[in-house]
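Here the structure is laid out as structure tokens; the discussion comes afterwards.
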């Protein structure tokens, strides 16, 4: 009987502990995340038009899965809120949008089951706009993505 | 957010205490929230059996009242939990766990507990008192089923003749070469149907079975999470998750409103050899027929090759995500519930940008194995104030019937389990 209780105690304790540990990493402000160093000072890189056009692309092609607030769907489609991918290396980010994503990878400590569509039919401008929009929405703040950066990544993928 | 961060360590301490010694504390905590936070029809009430268990998928009740739960994510090395209510107040006061594999399926039949990972099915022998004799001794009855992330969960149910049925979901939305991608063509015939997109039948008592000795019992079923064996008709029934993204992929054919409702989530009454048409066809609940999918030349109206395929016995609105099906055979609930179907919907995500819905458990009256009237929402309020997948408080995922006819409901977001009773029970 005692044994059973001990097992229950550790079991529940750990379950709660793990919940306490995984939760914050998904939503906590990204103090520990790799925020690009030019995030704050290069405001000129983010134009209103780019954000507005980016939102249109997002609503048409991304919203269905990542949801209107970028919150995603637990264990199915990841959030776009301060994740290491959204705020991190732009080449990796552009590649994800162009190629889609079907590999099992941990995204801020959680695994997701759905496949992400490829979007190589979008123009360099559209990809730049949508990523600039994503990197400056849903509580994110990061530098703009330019069509030239998209073009450079696209040419290497072919 | 910060407030939650501060509260969590306190919650941790509380729950440790609760399960360590003081079972009255469990009671006090749960009655604070009426019916454990959900709403029920008049005369019904609910207590929280256990909380914060993790990602509880399917559940099953044992004849001695124990509840077994399968976790979608192993916690602390445990993927199966047994909840026991020793003082019979409805609240679990003993919880043990084992089985270091993630998964969805769990069921009991003829002295064995069956549980599935996303590739395999295991079983454990039970003694006369209903205890698992050796939790370390899992018999691996089915192995190496396809798991390519999407639709990888394996739901299980047994018939009365020594067979077990396993859903093998298609790892795809509509069999496109690049999944869910605009302009990517769909294969014809769809090669995924060889080893997925259907329900397979195996022997319940043979070790290490796989595709070579299983029978493809029914095909053309995109993905199923909820299935059950109907004792009235002695037949397999299942709830299909219909395809997604009609508007995103074919904006000229389907507007956002149509895409939020279409296609139907299909309630299937399955006979051996049935073909429900995925990926070539989907069921349109407004036109009441199978329609040719746009990937295969459809225009939203044409039937084409879908004319002869098997149809559902009932159609629910799209994207609600039916994750559990249970035929109620108990005597506790009022007469109208007898042999009817409870269906736990996980709640939608692919209705966006339209408001999300479907975070509830419905009841569909049945007679002689067929629907007898329209569904009604039985248990609601799981999502709480913000009804979307990220902010929903709970998402219904599993159903079980207790030996006294109580209905258990599980949630895979936080891991709450409710016991629903009627009258003075």
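The values are calculated or read from the model by the stated rules, or taken from the named source; none is laboratory data. Note that the structure is predicted; figures quoted are calculated from it, not measured. Methodologically, a virtual Cβ is constructed for each residue, glycine included, from the backbone with ideal geometry; neighbour enumeration extends over all protein chains shown.
Picking from residues in segment B:164-201 that are more than 20 Å from the chain's Cα centre (by Cα) and part of a strand (DSSP E or B), the one that is nearest to the other protein chains (Cβ to nearest Cβ) is B:176. In segment B:81-119, the residue that is farthest from the chain's Cα centre (by Cα) out of those that are free of Cβ contacts under 8 Å to residues at least 40 places away in the same chain and not in a loop (DSSP other than H, G, I, E, B) is B:94. Of all the listed residues (B:191, B:185), the sole one being in contact with a helix residue (DSSP H, G or I) (Cβ under 8 Å, 6 or more places away or on another chain) and either closer than 22 Å to residue B:298 by Cβ or touching a residue at least 24 places away in the same chain (Cβ under 8 Å) (or both) is B:185. Residue B:424 meets each of the listed conditions (1) part of a loop (DSSP other than H, G, I, E, B); (2) in contact (Cβ under 8 Å) with a residue 24 or more places away in the chain; (3) at negative phi apart from (2).
Among residues of segment B:356-389 being free of Cβ contacts under 8 Å to residues at least 40 places away in the same chain and farther than 18 Å from residue B:322 by Cα, the one that is surrounded by the fewest Cβ atoms within 10 Å (Cβ to Cβ) is B:385.
Here residue A:128 meets each of (1) more than 12 Å from the chain's Cα centre (by Cα); (2) surrounded by fewer than 22 Cβ atoms within 10 Å (Cβ to Cβ); (3) modelled with pLDDT of 95 or more with one exception, condition (2).
Yes/no per residue for (1) farther than 18 Å from residue B:205 by Cβ; (2) surrounded by fewer than 20 Cβ atoms within 10 Å (Cβ to Cβ):
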residue: B:131; (1), (2): yes, yes
residue: B:139; (1), (2): no, yes
residue: B:142; (1), (2): no, no
residue: B:146; (1), (2): yes, yes
residue: B:152; (1), (2): yes, no
residue: B:169; (1), (2): yes, no
residue: B:173; (1), (2): yes, no
residue: B:180; (1), (2): yes, no
residue: B:183; (1), (2): yes, yes
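Against the numbered list (1) in a loop (DSSP other than H, G, I, E, B); (2) surrounded by 19 or more Cβ atoms within 10 Å (Cβ to Cβ), residue B:342 comes up short only at (1). Among helices (runs of 4 or more DSSP H) entirely within segment A:1-108, having at least 3 residues that are within 11 Å of another protein chain (Cβ to nearest Cβ) and at pLDDT below 50 singles out A:2-27. Considering B:43, B:90, the condition of being away from chain A (no Cβ under 14 Å), more than 25 Å from residue B:165 (Cα to Cα) and surrounded by 19 or more Cβ atoms within 10 Å (Cβ to Cβ) is satisfied by B:90 alone.
Checking B:247, B:223 one by one, the residue that is touching a strand residue (DSSP E or B) at 6+ places or on another chain (Cβ under 9 Å) and within 13 Å of another protein chain (Cβ to nearest Cβ) is B:223 and no other. Looking only at residues in segment B:76-87 that are facing another protein chain (nearest Cβ under 8 Å) and modelled with pLDDT of 95 or more, the one that is nearest to residue B:412 (Cα to Cα) is B:81. On the stretch given as segment B:52-72, residues that are at the interface with chain A (Cβ under 10 Å from one of its Cβ atoms), surrounded by 21 or more Cβ atoms within 10 Å (Cβ to Cβ) and part of a loop (DSSP other than H, G, I, E, B) total 3.
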